[in-house]
Amino acid sequence: MSSNKSVVPNAREALNKFKMEAANEVGVNLKQGYNGDLTSKQAGSVGGQMVKKMIESYENGMK
């Protein structure tokens, strides 16, 4: 059983768009599909930016 199965059908597309936006903000060039040539630092900065934006969005929703 795959753990990458989306519960919401359009979630994968939205997350990919979100990931591309976050990568652009931190200056990492992502391409569609495989990005295994990224360094751990680059991949981590994209993930960190995504988490930062999710936390900001949540905090703004609480106000």
How many of the residues in region 8-29 are modelled with pLDDT under 95 and among the aliphatic types (A, V, I, L, M)?
4
Taking first residues from region 22-33 that are closer than 9 Å to Val46 by Cβ and second residues anywhere that are among the β-branched types (Val, Ile, Thr) and at pLDDT 95 or above, the pairs with Cβ under 7 Å that are 6 or more apart or on different chains are Ala22/Val46; Ala23/Val46; Val26/Val46; Val28/Val46
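Restricting to region 30-63, and then to whatever is in a helix (DSSP H, G or I) and charged (D, E, K, R), can you tell me which residue is farthest from the chain's Cα centre (by Cα)?
Ranking the qualifying residues of region 30-63, first place goes to Glu59.
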Restricting attention to region 11-29, report how many residues are out of contact with any helix residue (DSSP H, G or I) (no Cβ under 7 Å at 6 or more places or on another chain) and assigned to a loop (DSSP other than H, G, I, E, B).
2
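The values are calculated or read from the model by the stated rules, or taken from the named source; none is laboratory data. Only a predicted model underlies this, so the values are computations on that prediction, with no experimental measurement involved. Neighbour counts run over all protein chains shown; Cβ positions are idealised from the backbone, glycine included.
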